[in-house]
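J.: Quick one: structure below, then a few questions.
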Protein chains: 2
Amino acid sequence: MAQDASIYSLTTPAVLIDENIVDKNIARVQKYMDQAGLKARPHIKTHKIPEFAKKQLDAGAIGITCQKISEAEIFADAGIDDILLTFNILGDEKLAALKKLHARIKLGVVADSQTTIDGLAKTFDSSRPLRVLVECDTGGQRCGVQTPQEAAKLAKYIDGQDGVHFGGLMTYPLPNTEDDVETFFAQTAGLLKADNIECETFSTGGSPSLFAAERSTIANEYRAGTYIYNDRSLVRAGHCGFDDCAMHILTTVVSRPTDDRAVLDAGSKALTSDLLGFTDFGYVVDYPEAVITGLSEEHAVVDLSACTDKPKIGEKIRIIPNHTCVVSNLMDNIYVHMDGEFDRKIEVAARGRVW
Amino acid sequence: MAQDASIYSLTTPAVLIDENIVDKNIARVQKYMDQAGLKARPHIKTHKIPEFAKKQLDAGAIGITCQKISEAEIFADAGIDDILLTFNILGDEKLAALKKLHARIKLGVVADSQTTIDGLAKTFDSSRPLRVLVECDTGGQRCGVQTPQEAAKLAKYIDGQDGVHFGGLMTYPLPNTEDDVETFFAQTAGLLKADNIECETFSTGGSPSLFAAERSTIANEYRAGTYIYNDRSLVRAGHCGFDDCAMHILTTVVSRPTDDRAVLDAGSKALTSDLLGFTDFGYVVDYPEAVITGLSEEHAVVDLSACTDKPKIGEKIRIIPNHTCVVSNLMDNIYVHMDGEFDRKIEVAARGRVW
């Protein structure tokens, strides 16, 4: 992108999104899912913007994934009518909100305990039971039942309640653990078959090893978020190249205290402290040898010692973040462009929706 | 705090602020500054709330510190009329905003380069020159001139321009480097005296070693932010105890996948990934032996192996964050209480103001 592109006139820090790259990323992944025979259910955590979710649906996604009710409400308000909430919903206020949401869209949730299911079952009834998937821990060590036996037991428990309907199995796997997912799902399916319980959906996900999804013979739904923008972590994972990263953070060099140090006007409030295994805080597009060694809230400190050319005070430079989703959550707006020509500002409508 | 306190009925995750502790923290630090003969100029980055800045001013602060223009605008709108912007302001749009702000309040900024000063000097004029402090790097290795000689040179440069007025020296030091600050300031003051340039303000800051501020014989202004809420990093620094931490993040246990693992509904979108040298992500008030080993965006994974009592699914537990300021930036609202009794919700008015 040339330094005289109109996007460089924006006040910094600003999150730039190249819409051409967004469209290309969506098309690439949807085509892959179609060929692999998987239903795509993109996770909106990455963009948090209804307009972009609609692009994903228009391309062929069957619905979206949200993590929190207050996010799902934003997307339902925007007319999106098929949402899977991949979260254990607990507490009276949330259950009441869930009931309202269920009344107006096709809704599913996940559960990994009888406690969660009991709350759901008392909230809904047989006139319109809620679809509940059992969350399985296939190695991610976050939520989820630990064994196929537990998964089958919980599925049976759901099947025995009026207010809820067993919808299938869901996992958020670690990258490159397709075989573990396959084993867990297949063993659970075997146990369920013995109990005459139908398992409609086998849902897996994650962007880093997305292009290995075809290896599964049992998964039929795939949830991924980051692929729409891509980021430095997905470049490292081999999912894409830097040219496929739609999000750049435009920053200004505000200080050059020494020959080897630049300071930018974007700190952890713009880039976040997420390292995701890196030891520095983003990829400096315009000075690839530069290393962002530290962040405070409003400043990035950059080591220029490996750079032959060095940026001047006042110069604007772009950064590809380690982790794009968390950047979206910090910003009220993003700035959409096409190859550097500014097009429009979009509100990040579901930013900061934590419950 | 008893589990039946009204604050426990709030939907999670929620940021709780105990107003009694806020008031005590403000009073304690203001009293110290008064005794040490230092003018307090609190940094609003920690709370981002005009109501709390007014508490600090009512206690005796001379003004506030902001990092960005868009933050300062929020506080000026709320009636606060003395603001120091500790940032190099560059770029036409920001300079225009700065000019508008300067027209209505007592404003100061910092600069560490001729480039920054040239931009300021062309924006303002002798009818109402802008107060500019020279930012000095006394070891923090962020922004700032590197030597007293450079500081004096830049002060002289400011002194030679019509649009700007030399206001003094400013540093953001590392903790426990009071002697380095003293040396830098004193040497610069000596050089300025030889040039007959008056240095009104010697401004230093930081919460971790705030109670060593009295050691300086030359600093006359102190900027600190975190002390109003305190956090785990300040407990470690010896500044306060856990009972002095006004901010708790109220969370719900949403999963207990194994006997030793709990998962909370607060991830990096509530606690942030800021480690500040810790290896885990916060102090679990209700289960001090619990260790928050990992965060994803909406989940915290907690190791309970050292706990004798273990929380149940649906139970609400409180966390003191590693770094309180970054949590405020994630939240649209905070929930103010007095010893557990909910009082009011306050908008975090200057949240997300990145430029």
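J.: Could you list all residues from the range B:302-313 that are over 11 Å from B:A262 (Cα atoms) and of a type outside the set (A, V, I, L, M, F, W, C)?
T.: Restricting attention to the range B:302-313, the residues satisfying the condition of being over 11 Å from B:A262 (Cα atoms) are B:306-309.
Hits for the range B:302-313 are B:T308, B:D309.
J.: Now a separate question. Do you know which residues across the range A:120-139 are buried (at least 22 other Cβ atoms within 10 Å of the Cβ) and either closer than 19 Å to B:E298 by Cα or within 12 Å of chain B (Cβ to nearest Cβ) (or both)?
T.: Across the range A:120-139, the qualifying residues are A:L133, A:V134, A:E135, A:C136, A:D137, A:T138.
J.: Oh, and also: If only one of B:K48, B:K55 is in contact (Cβ under 8 Å) with a residue 24 or more places away in the chain and either small (G, A, S) or within 14 Å of chain A (Cβ to nearest Cβ) (or both), which one is it?
T.: Going through B:K48, B:K55 in turn, just one is in contact (Cβ under 8 Å) with a residue 24 or more places away in the chain and either small (G, A, S) or within 14 Å of chain A (Cβ to nearest Cβ) (or both): B:K48.
J.: For the range A:280-316: of the residues being under 22 Å from the mean Cα position of the chain (by Cα) and away from every other protein chain (no Cβ under 11 Å), which is surrounded by the most Cβ atoms within 10 Å (Cβ to Cβ)?
T.: In this case the residue turns out to be A:G282.
J.: Among the strands (runs of 3 or more DSSP E) lying completely within the range B:315-355, list those that include at least 2 residues that are of a type in the set (D, E).
T.: Here the list reads B:341-347.
J.: If you don't mind, there's one more thing I want to ask. Can you tell me which residue within the range B:321-337, out of those that are more than 9 Å from every other protein chain (Cβ to nearest Cβ) and of a type in the set (A, V, I, L, M), is nearest to B:T279 (Cα to Cα)?
T.: Within the range B:321-337, the match that is nearest to B:T279 (Cα to Cα) is B:V327.
J.: In addition: Right, A:I83: modelled with pLDDT of 95 or more, closer than 22 Å to A:I158 by Cβ, away from chain B (no Cβ under 14 Å) and in contact with a Phe, Trp or Tyr (Cβ under 8 Å, 6 or more places away or on another chain) or not?
T.: In short, yes.
J.: Additional query: Applying the selection to the range A:46-103, what residues are aromatic (F, W, Y) and more than 24 Å from A:R128 (Cα to Cα)?
T.: A:F52, the sole residue that qualifies.
J.: Turning to a different aspect of this structure: Can you name the residue in the range B:255-272 that is surrounded by fewer than 21 Cβ atoms within 10 Å (Cβ to Cβ) and outside any strand (DSSP E or B) and, of all such residues, is farthest from the chain's Cα centre (by Cα)?
T.: Among them, the one singled out is B:D259.
J.: Filtering the range A:5-45 down to residues that are basic (K, R) and not in a helix (DSSP H, G or I), which residue is farthest from the chain's Cα centre (by Cα)? Before you say what the answer is, go through the steps one by one.
T.: Initially, the range A:5-45 is screened for residues basic (K, R), giving A:24, A:28, A:31, A:39, A:41, A:45.
Restricting the remaining residues to those that are not in a helix (DSSP H, G or I) gives A:39, A:41, A:45.
Working: A:K39: 16, A:R41: 11, A:K45: 4 Å.
Within the range A:5-45, the match that is farthest from the chain's Cα centre (by Cα) is A:K39.
J.: Hey, among the residues in the range A:241-254 that are crowded, with 22+ Cβ neighbours inside 10 Å and more than 14 Å from every other protein chain (Cβ to nearest Cβ), which one's farthest from the chain's Cα centre (by Cα)?
T.: A:H248
J.: Step by step: first the residues of the range A:11-31, then only those that are of a type in the set (A, V, I, L, M) and more than 14 Å from chain B (Cβ to nearest Cβ), then the one that is surrounded by the fewest Cβ atoms within 10 Å (Cβ to Cβ). Which residue is that?
T.: Among those that are of a type in the set (A, V, I, L, M) and more than 14 Å from chain B (Cβ to nearest Cβ), it is A:A27.
J.: For the range B:108-119, which residues satisfy the criterion of being crowded, with 20+ Cβ neighbours inside 10 Å and either under 17 Å from B:T65 (Cα atoms) or facing chain A (nearest Cβ under 10 Å) (or both)? Walk me through how you get there before you give the answer.
T.: Taking the range B:108-119 as the starting set, the residues that turn out to be crowded, with 20+ Cβ neighbours inside 10 Å are B:108-113, B:116-117, B:119.
Of everything in the range B:108-119, those that are crowded, with 20+ Cβ neighbours inside 10 Å and either under 17 Å from B:T65 (Cα atoms) or facing chain A (nearest Cβ under 10 Å) (or both) turn out to be B:G108, B:V109, B:V110, B:A111, B:D112, B:S113, B:T116, B:G119.
The values are calculated or read from the model by the stated rules, or taken from the named source; none is laboratory data. Here the structure is a predicted model, which is why all the values come from computation and not from measurement. So basically every Cβ, Gly included, is an ideal-geometry build from the backbone, and we count neighbours across all protein chains shown.
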